Amino acid sequence: MAISVSHYGFMPDGKEVKLYSISNNNDVTLQLINLGATLQSLYTPDKYGRVNDITIGFDSLYGHLNFTDYQGKVVGRYANRIANGSFSLGGKKYQLTQNEKDKTCLHSAGEFSDAVWDAIIADDNAVEFSYTSPDGTSGFEGNLTAKVRYTLTEDNKVVIEYSAVCDKDTVMNFTNHVYFNLNGSAMSDVLDHEMQMNASHYVPIDADSIPTGEIREVKGTAFDFNAPCTIGKRIYDNDEQLTLARGYDHNFCLCHKEGEADATVKEPVSGRVLKMYTDLPGVQLYTGNFLDGSVIGKGGIPIVKHAGFCLETQFYPDSPNQPDFPSCVFKAGEEFKSTTVFAVSVEE
Ligand code: BGC
């Protein structure tokens, strides 16, 4: 395998953004940019061998800078929401940037996603990005250095390895916010995609998309994907949770079954299959509910509602305020380490 590096653009402050392309021998190409340690594109063949990009996003730095909804970006230090942008740790209360409705802290106000990360070619099939967040940024305490390494394997897996250390006790939750559309373009939405997920419970939310604290069984609800079901089949069901979020925008509590993917998504026409594996306790299934076609994406195609789906692997949202959720607290010097894999294949 080989990696090619090219110029992608200049940031307003003159910093250069580069594009890294890794191709394997099966016509799969992974492209990355160091703005936001972004998964820029993933080209894969369909069942007829036609190669398309299965991610939704932007062709240019201009798009990323002006219209982003975190397409492909790494999110940190705390992905997803923290209620009222505040939490207490070690007896101290932290007030974070309230970047959503002047109330909630969402995706840590975009700090890691908007940063230009350092990059090294770590292997002939791997690129590693690193970024240090200075103490106090967005209200979080401690200097935090994060690394994200992307590897493309010959068996068509995109392996994303996160590691991070902070010099003060803190909360951490890193994810990648890539939107997939297995059709290979945003011309059609993802409602026909069939999803299977090993999750027995999910986390209901309130009107601000903050977890209520309940961990609810999926059984008998539109949130049960243990048996495969299209994303669209129940998305407009008369279910308060779907109405609140305008679709799926919820954390699913993963069962992690030995030898099985945590989630499998299939698109019947192209035959493309995406499998997701993670060691984190949850995943946010977000079906692009707030996309509205007002933004033009790759290939000049408007990014409409449900143009893509995200599987954002994570600690549950608002964990810093939810003592019954798995803990996202890391002591000073303690390493955050996690791996998420997206594996692509085709099925007749
Ligand atoms: C959130 C959505 C939000 C999207 C873009 C997702 O992680 O759950 O509510 O619209 O990110 O910010």
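Go over the candidates Gly232, Gly213, Gly259 one by one and state the one that is without any contact (Cβ under 8 Å) to a residue 24 or more places away in the chain, in a loop (DSSP other than H, G, I, E, B) and surrounded by fewer than 18 Cβ atoms within 10 Å (Cβ to Cβ).
Answer to the selection: Gly259.
Of all residues in segment 9-40, count the ones that are small (Gly, Ala, Ser) and either under 24 Å from Glu348 (Cα atoms) or surrounded by fewer than 23 Cβ atoms within 10 Å (Cβ to Cβ) (or both).
Of the residues in segment 9-40, 4 are small (Gly, Ala, Ser) and either under 24 Å from Glu348 (Cα atoms) or surrounded by fewer than 23 Cβ atoms within 10 Å (Cβ to Cβ) (or both).
State the number of residues belonging to segment 242-256 that are part of a helix (DSSP H, G or I) and either of a type in the set (A, V, I, L, M, F, W, C) or within 13 Å of the ligand (Cβ to nearest atom) (or both).
Residues that pass the stated criteria total 3.
So which of Asp123, Asp102, Asp59, Asp53 ends up being surrounded by fewer than 18 Cβ atoms within 10 Å (Cβ to Cβ) and touching a helix residue (DSSP H, G or I) at 6+ places or on another chain (Cβ under 8 Å)?
When all the criteria are applied, what remains is Asp59.
Exactly one condition in (1) touching a strand residue (DSSP E or B) at 6+ places or on another chain (Cβ under 8 Å); (2) part of a loop (DSSP other than H, G, I, E, B); (3) in contact (Cβ under 8 Å) with a residue 60 or more places away in the chain; (4) open to solvent by 10 Å² or more (accessible area, probe 1.4 Å) is not met by Gly142; state its number.
Condition not satisfied by Gly142: (4).
What tally of residues in segment 45-70 results from selecting those that are part of a strand (DSSP E or B), within 16 Å of the ligand (Cβ to nearest atom) and among the charged types (D, E, K, R)?
Total meeting the criteria: 0.
Contact list please: Cβ distance under 6 Å, first residue in segment 109-126 and closer than 16 Å to Leu30 by Cα, second residue part of a loop (DSSP other than H, G, I, E, B) and polar (S, T, N, Q), pairs at least six apart or on different chains.
Close Cβ pairs satisfying both conditions: Ala119/Asn34.
Just one of the numbered conditions (1) under 30 Å from Lys337 (Cα atoms); (2) in a loop (DSSP other than H, G, I, E, B); (3) among the basic types (Lys, Arg) is not true of Lys275; which one?
Condition not satisfied by Lys275: (2).
Which members of segment 167-204 meet the condition of being open to solvent by less than 10 Å² (accessible area, probe 1.4 Å) and under 24 Å from Asp324 (Cα atoms)?
Thr170, Val171, Met172, Asn173, Phe174, Thr175, Met197, Asn198, Ala199, Tyr202, Val203, Pro204
Just to be sure I understand the filter: pairs with C-beta atoms under 7 Å, separated by 6 or more residues or on different chains, first member in segment 40-52 and over 15 Å from Asn25 (Cα atoms) and of a type in the set (A, V, I, L, M), second member open to solvent by 30 Å² or more (accessible area, probe 1.4 Å) and in a loop (DSSP other than H, G, I, E, B). Which pairs pass?
Listed pairs, sorted by first residue: none to list.
Among residues belonging to segment 105-115 that are within 14 Å of the ligand (Cβ to nearest atom) and small (Gly, Ala, Ser), point out the one that is most open to solvent (accessible area, probe 1.4 Å).
Of everything passing the filter in segment 105-115, Ala109 is most open to solvent (accessible area, probe 1.4 Å).
Would you check if there is a residue in segment 11-32 being part of a loop (DSSP other than H, G, I, E, B) and aromatic (Phe, Trp, Tyr)?
No.
Give the residues of segment 311-333 that are of a type in the set (Asp, Glu) and either more than 12 Å from the ligand (Cβ to nearest atom) or open to solvent by 50 Å² or more (accessible area, probe 1.4 Å) (or both), sorted by residue number.
Asp324 - this is the single residue of segment 311-333 that is of a type in the set (Asp, Glu) and either more than 12 Å from the ligand (Cβ to nearest atom) or open to solvent by 50 Å² or more (accessible area, probe 1.4 Å) (or both).
Looking at segment 71-96, which of the residues that are open to solvent by 10 Å² or more (accessible area, probe 1.4 Å) and in a helix (DSSP H, G or I) is nearest to the ligand (Cβ to nearest atom)?
Ala83
Consider only pairs whose beta carbons are under 8 Å apart and that are at least six residues apart or on different chains; among these, list those whose first residue lies in segment 59-78 and is of a type outside the set (Gly, Ala, Ser) and whose second residue is open to solvent by 40 Å² or more (accessible area, probe 1.4 Å).
If the second residue must be open to solvent by 40 Å² or more (accessible area, probe 1.4 Å), the pairs left are Asp59/Gly299; Leu61/Tyr8; Leu61/Phe10; Leu65/Pro12; Phe67/Ile296; Asp69/Phe290.
What tally of residues in segment 154-166 results from selecting those that are over 30 Å from Glu347 (Cα atoms) and open to solvent by 10 Å² or more (accessible area, probe 1.4 Å)?
Here the count works out to 2.
Which residue, of Gly297, Gly308, Gly288, is surrounded by 22 or more Cβ atoms within 10 Å (Cβ to Cβ), on the phi < 0 side of the Ramachandran plot and under 16 Å from the mean Cα position of the chain (by Cα)?
Result: Gly308 is the single residue among Gly297, Gly308, Gly288 that is surrounded by 22 or more Cβ atoms within 10 Å (Cβ to Cβ), on the phi < 0 side of the Ramachandran plot and under 16 Å from the mean Cα position of the chain (by Cα).
If I ask for residues that are surrounded by fewer than 16 Cβ atoms within 10 Å (Cβ to Cβ) and over 27 Å from Ile160 (Cα atoms), which ones from segment 217-226 would you list?
Glu217, Lys219, Gly220, Thr221, listed by residue number.
The values are calculated or read from the model by the stated rules, or taken from the named source; none is laboratory data. Because the structure is predicted, anything quoted here is derived from the model rather than measured. Because the Cβ atoms are built from the backbone with ideal geometry, glycine has one as well, and the counts that use them run over all protein chains shown. For accessibility, only protein heavy atoms count, side chains too; no ligands or nucleic acids. Shrake-Rupley method; radii C 1.70, N 1.55, O 1.52, S 1.80 Å.
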